[in-house]
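Participant: Questions regarding the structure given below will be posed in turn.
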Amino acid sequence: MSKHVVTLIPGEGTGPEICEAVKRVIDASGVNIKWEYEEIGLDCLDKYGTLLPEKTINSIAKNRVALKGPTTTPVGTGHKSANVTLRKVFDLYSNVRPAVSIPAVRRPWNDINILNFRENTEDTYSAIEHMVSSEVAQCLKVITWPGSFRIADFAFKWARAQGRKKVVCVHKANIMKITDGLFLEAFREAAKAYPEIETGDIIVDNCAMQLVRNPAQFDCLVLPNLYGDIITDLCAGMVGGLGFAPGANIGDSCAIFEAVHGSAPKYAGLNKVNPSAVLSSGIMMLRWLGENTAAVCIERAMQAVLAEGRRVTYDVGGTAGTDEYAGAIIEKMNEQGNGEQWKEQ
Amino acid sequence: MERAVKSARLVGVDIYIISENGVPQFTDLAPFQCEFVSNRGTKVWPGNFLPDLLLVNWYRCRFLATSEITDKDIDSFLARLSETWLWSAAQKLWLYDNEPGFSKPY
């Protein structure tokens, strides 16, 4: 009997080939997972009349954990984002986006280790938009006290569990005094339960500037949804791009792990793209499942393959395909043993 | 430069209701019918929602007209609704050139 049952949603475009490579690596780590394949995205429209079939929702509701590949979201018109729908339906309020410099992937910034906590369900993502006259559109920015408090509390809990020193609230409360003011007020209230953790706050535009000037000053950031969307991509770009950026969407009893990059349809089926972001999301999932040894084993092997630079994908200067890169990581894991020697401290 | 819109037709109203007792339930809505109730952008009626969902005390309730309406229909509807519910705001819903000028919840 499998120890874990995980809903695997390959997604669209390059998603299926990426997810297959990631599944191979995770399975090779020896962790006991039964994968339940489910569908999402534009292909589902023809088959089921919806981007997010009921069967997929039911699988996630049952298993409470999913690993998801990229999907395509139409811009401007058409159907709502399947990604945002998943976050809304399961109330996955915390989008955890680590941004950590990878030694083998050199960028102008090489000393970044930031844990971003983006509120994932509110703000301008509340889908409340109106044409209030023939020439004026309006989108409501919904910030709630309980929604703001719980993301701040979640961030402080993680910071405490990981021995982090400082949590900073990102906002624009100098202009949006009521909405962002409420977010900041809830953050300060949540902070009271974590007196050992240093706190601070920063205006979002200054945060963006400070990130590119001196990213090492930041430890953990808590952000409302829209600022979080932008700042976390900025952080991802600073450590190697979206090809290396993992993400987790976590609620009180359910979690979906996914890369934040797009589905790159022009590369679909070419066995070309870098699966590191989904693999790193898978590593986050393994830790969430308590499989720390497997997580460390894969992480070290991936770092080693990247450091060698021989069998890596085109985006980091190599010629290897998705499969070959995954195979190199598996070979490296086999060379390293079963990971027992790297049990996480 | 003006935006070229040929027609605007009033078809309903979004009313934001404050409820401390869960999802509002409505009766006697003519000439409207309730299309949905949402909370923080997620539909909570009709149909089910997962028990994990955080509900705040502010619901977006969409009422679509079942026949042609005027501003007076909305005024009298709000007056009737006020007898039972506390509401914080109302937003009229128009079709512009027969395209909805309003979004749906998740």
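Participant: Among the residues of the stretch A:301-312, write down those that are surrounded by fewer than 21 Cβ atoms within 10 Å (Cβ to Cβ) and within 15 Å of A:Leu279 (Cα to Cα). Spell out how you get there, then give the answer.
Facilitator: Step one: filter the stretch A:301-312 for residues surrounded by fewer than 21 Cβ atoms within 10 Å (Cβ to Cβ), giving A:303-304, A:307-311.
Within the stretch A:301-312, A:Gln303, A:Ala304 qualify.
Participant: Run down B:Gly12, B:Gly47, B:Gly22 and say which single residue is part of a loop (DSSP other than H, G, I, E, B) and within 12 Å of another protein chain (Cβ to nearest Cβ). Write out each step before concluding.
Facilitator: Details: B:Gly12 fails: part of a loop (DSSP other than H, G, I, E, B); B:Gly22 fails: within 12 Å of another protein chain (Cβ to nearest Cβ).
Matching residue, one of B:Gly12, B:Gly47, B:Gly22: B:Gly47.
Every residue, every condition in (1) within 27 Å of B:Phe36 (Cβ to Cβ); (2) touching a strand residue (DSSP E or B) at 6+ places or on another chain (Cβ under 6 Å); (3) not in a loop (DSSP other than H, G, I, E, B), yes or no:
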site: A:Thr121; (1), (2), (3): yes, no, no
site: A:Gln138; (1), (2), (3): yes, yes, yes
site: A:Ile151; (1), (2), (3): yes, yes, yes
site: A:Trp158; (1), (2), (3): no, no, yes
site: A:Val167; (1), (2), (3): no, yes, yes
site: A:Val170; (1), (2), (3): no, yes, yes
site: A:Ile175; (1), (2), (3): no, no, no
site: A:Asp201; (1), (2), (3): no, yes, yes
site: A:Tyr227; (1), (2), (3): no, yes, yes
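Let's see how each residue does on (1) of a type in the set (Val, Ile, Thr); (2) within 11 Å of chain A (Cβ to nearest Cβ); (3) surrounded by 11 or more Cβ atoms within 10 Å (Cβ to Cβ):
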residue	(1), (2), (3)
B:Glu68	no, no, no
B:Ile74	yes, no, yes
B:Ala79	no, no, no
B:Thr84	yes, no, yes
B:Trp87	no, no, yes
B:Phe102	no, yes, yes
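Participant: Then there is this: A:Ala161 passes all but one of (1) in contact (Cβ under 8 Å) with a residue 24 or more places away in the chain; (2) under 20 Å from the mean Cα position of the chain (by Cα); which number fails?
Facilitator: Among (1) in contact (Cβ under 8 Å) with a residue 24 or more places away in the chain; (2) under 20 Å from the mean Cα position of the chain (by Cα), A:Ala161 violates only (1).
Participant: If only one of A:Ile114, A:Ile60, A:Ile102, A:Ile151 is farther than 22 Å from A:Gly251 by Cα, among the hydrophobic types (A, V, I, L, M, F, W, C) and under 21 Å from the mean Cα position of the chain (by Cα), which one is it? Talk me through it step by step, then tell me what you get.
Facilitator: Values: A:Ile114 fails: farther than 22 Å from A:Gly251 by Cα; A:Ile60 fails: farther than 22 Å from A:Gly251 by Cα; A:Ile151 fails: farther than 22 Å from A:Gly251 by Cα.
It is A:Ile102.
Condition check ((1) touching a helix residue (DSSP H, G or I) at 6+ places or on another chain (Cβ under 6 Å); (2) modelled with pLDDT under 85; (3) more than 14 Å from chain B (Cβ to nearest Cβ)) across all residues:
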site: A:Pro70; (1), (2), (3): yes, no, yes
site: A:Gly78; (1), (2), (3): no, yes, no
site: A:Ser81; (1), (2), (3): no, yes, no
site: A:Thr85; (1), (2), (3): no, no, no
site: A:Pro108; (1), (2), (3): no, yes, yes
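This table checks each residue for (1) under 21 Å from A:Ile256 (Cβ atoms); (2) in contact with a helix residue (DSSP H, G or I) (Cβ under 8 Å, 6 or more places away or on another chain).
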| site | (1), (2) |
| --- | --- |
| A:Leu92 | yes, yes |
| A:Asn95 | yes, yes |
| A:Pro98 | yes, yes |
| A:Met131 | no, no |
| A:Ser148 | no, yes |
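Participant: Also, I was wondering about something else. Does A:Ile230 meet the test of being of a type in the set (Val, Ile, Thr), closer than 21 Å to A:Ala155 by Cα and surrounded by fewer than 19 Cβ atoms within 10 Å (Cβ to Cβ)? It would help to see each step written out before you state the result.
Facilitator: On the way: of a type in the set (Val, Ile, Thr): yes; closer than 21 Å to A:Ala155 by Cα: yes; surrounded by fewer than 19 Cβ atoms within 10 Å (Cβ to Cβ): yes.
For A:Ile230, the condition - of a type in the set (Val, Ile, Thr), closer than 21 Å to A:Ala155 by Cα and surrounded by fewer than 19 Cβ atoms within 10 Å (Cβ to Cβ) - is met.
Participant: On to the next question. Give the number of residues within the stretch A:233-261 that are away from every other protein chain (no Cβ under 14 Å), among the small types (Gly, Ala, Ser) and either in contact with an Asp or Glu (Cβ under 9 Å, 6 or more places away or on another chain) or crowded, with 22+ Cβ neighbours inside 10 Å (or both). Steps first, please.
Facilitator: Going through the stretch A:233-261, the residues away from every other protein chain (no Cβ under 14 Å) turn out to be A:233-248, A:257-261.
If we keep only those that are among the small types (Gly, Ala, Ser) as well, we get A:236-237, A:240-241, A:243, A:245, A:247-248, A:259.
If we keep only those that are either in contact with an Asp or Glu (Cβ under 9 Å, 6 or more places away or on another chain) or crowded, with 22+ Cβ neighbours inside 10 Å (or both) as well, we get A:236, A:240-241, A:243, A:245, A:247-248, A:259.
Here the count works out to 8.
The values are calculated or read from the model by the stated rules, or taken from the named source; none is laboratory data. Computed from a predicted model, the values in this text were never measured in an experiment. Methodologically, a virtual Cβ is constructed for each residue, glycine included, from the backbone with ideal geometry; neighbour enumeration extends over all protein chains shown.
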